[in-house]
Amino acid sequence: MTRFTREELEAARDRLVPDVVADGLRVLFCGINPGLMTAATGHHFARPGNRFWPALHRSGFTPRQLLPSQQGELLSYGLGITNVVARATARADELSAEEYREGGRLLTLKVARLRPRWLAVVGVTAYRVAFDDRRAVVGPQARTIGDTRVWVLPNPSGLNAHWTPTTLAQEFARLREAAAQ
């Protein structure tokens with residue numbers, strides 16, 4: 001893995017991380033916002049302790065564990081990645097409620113245009129703020145965006161100790177099973 005200096009990571013704050021998207025995906029995963037490592041590399045969920053890629057594989061979405069640099073392969077599985085907020089930060093708690101709400105508005109427009117079968121927001125707190133749904137819990141939501149169903153997944157950050165790698169993969173698998181129907 002490439003090592004970055006603190007200065008290089010800080011400089012990455014201004015970089016936009018391109019979405020990995022296409023029309024009509026099976027599942028569009030939506031992270032909270034890019035971390036500094038993601039912004040520096042241009043690869044989603046790039047921080048080594050993030051459990052997104054292992055959970056994606058262990059849940060059966062991908063036949064092998066992809067590296068962040070292989071994110072483009074997701075499209076061949078009918079999967080994609082975007083973010084609620086485009087601005088890169090060291091921690092998600094650096095984002096304002098206004099940024100989340102505006103991100104939710106822009107995400108709604110993106111989903112309406114791309115029409116994935118499922119939108120999977122990775123992080124219940126981000127979902128609650130972005131979509132003004134304080135009672136949301138992990139799992140399928142009543143909300144739809146056009147014909148797109150919405151699922152909230154736990155945040156795969158290694159800092160989210162409430163979810164183990166096993167329980168995280170199990171929740172991803174619940175979504176995979178729903179998306180296969």
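Inspection of the range 142-150 identifies no residue that is part of a loop (DSSP other than H, G, I, E, B) and within 21 Å of residue 45 (Cα to Cα). Restricted to the range 101-130, and to residues there that are farther than 20 Å from residue 179 by Cβ and hydrophobic (A, V, I, L, M, F, W, C), the residue that is nearest to the chain's Cα centre (by Cα) is 126.
Each residue in the range 155-179 was checked for being at pLDDT below 95 and either assigned to a strand (DSSP E or B) or touching a Gly at 6+ places or on another chain (Cβ under 9 Å) (or both), and 6 pass. Just so you know, in the range 74-92 the residues that are open to solvent by less than 10 Å² (accessible area, probe 1.4 Å) and outside any loop (DSSP other than H, G, I, E, B) include one that is farthest from residue 28 (Cα to Cα), and it is 89. Taking the condition open to solvent by 20 Å² or more (accessible area, probe 1.4 Å) and among the hydroxyl-bearing types (Ser, Thr, Tyr), does residue 96 pass? Yes; evaluated as a whole, the condition is true for this residue. Figure legend. Inter-residue proximity from the range 97-114: first residues more than 11 Å from residue 85 (Cβ to Cβ), second residues of a type outside the set (Val, Ile, Thr), beta-carbon distance below 6 Å, spacing 6+ or different chains. Indicated pairs: 111/119; 112/146; 114/23.
Looking at the range 39-62, is at least one residue open to solvent by 70 Å² or more (accessible area, probe 1.4 Å), under 26 Å from residue 145 (Cβ atoms) and among the charged types (D, E, K, R)?
No: zero hits.
Assess whether residue 169 counts as being on the phi < 0 side of the Ramachandran plot, open to solvent by less than 50 Å² (accessible area, probe 1.4 Å), in contact (Cβ under 8 Å) with a residue 40 or more places away in the chain and touching a helix residue (DSSP H, G or I) at 6+ places or on another chain (Cβ under 7 Å). Taking the combined requirement at face value, the residue satisfies it.
Of the residues making up the range 95-107, those that are in a helix (DSSP H, G or I) and either touching a helix residue (DSSP H, G or I) at 6+ places or on another chain (Cβ under 9 Å) or closer than 17 Å to residue 16 by Cβ (or both) are 97, 99, 100, 101, 102, 103, 104, 105, 106, 107. Screening the candidates 90, 97, 126 for the property of being small (Gly, Ala, Ser) and closer than 26 Å to residue 170 by Cα yields one hit, 126. Please work out if residue 66 is free of Cβ contacts under 8 Å to residues at least 24 places away in the same chain and either crowded, with 18+ Cβ neighbours inside 10 Å or closer than 20 Å to residue 117 by Cα (or both). Considered against the rule, which asks whether it is free of Cβ contacts under 8 Å to residues at least 24 places away in the same chain and either crowded, with 18+ Cβ neighbours inside 10 Å or closer than 20 Å to residue 117 by Cα (or both), residue 66 comes out as yes.
Restricting attention to the range 114-161, and to residues there that are in contact with a helix residue (DSSP H, G or I) (Cβ under 6 Å, 6 or more places away or on another chain), β-branched (Val, Ile, Thr) and closer than 18 Å to residue 61 by Cβ, which single residue is most open to solvent (accessible area, probe 1.4 Å)? Among those that are in contact with a helix residue (DSSP H, G or I) (Cβ under 6 Å, 6 or more places away or on another chain), β-branched (Val, Ile, Thr) and closer than 18 Å to residue 61 by Cβ, it is 138.
The values are calculated or read from the model by the stated rules, or taken from the named source; none is laboratory data. Note that the structure is predicted; figures quoted are calculated from it, not measured. Cβ: placed from backbone, ideal geometry, glycine included. Neighbour counts: every protein chain shown. Accessible surface areas use protein heavy atoms only, side chains included; no ligands, DNA or RNA. Shrake-Rupley method; radii C 1.70, N 1.55, O 1.52, S 1.80 Å.
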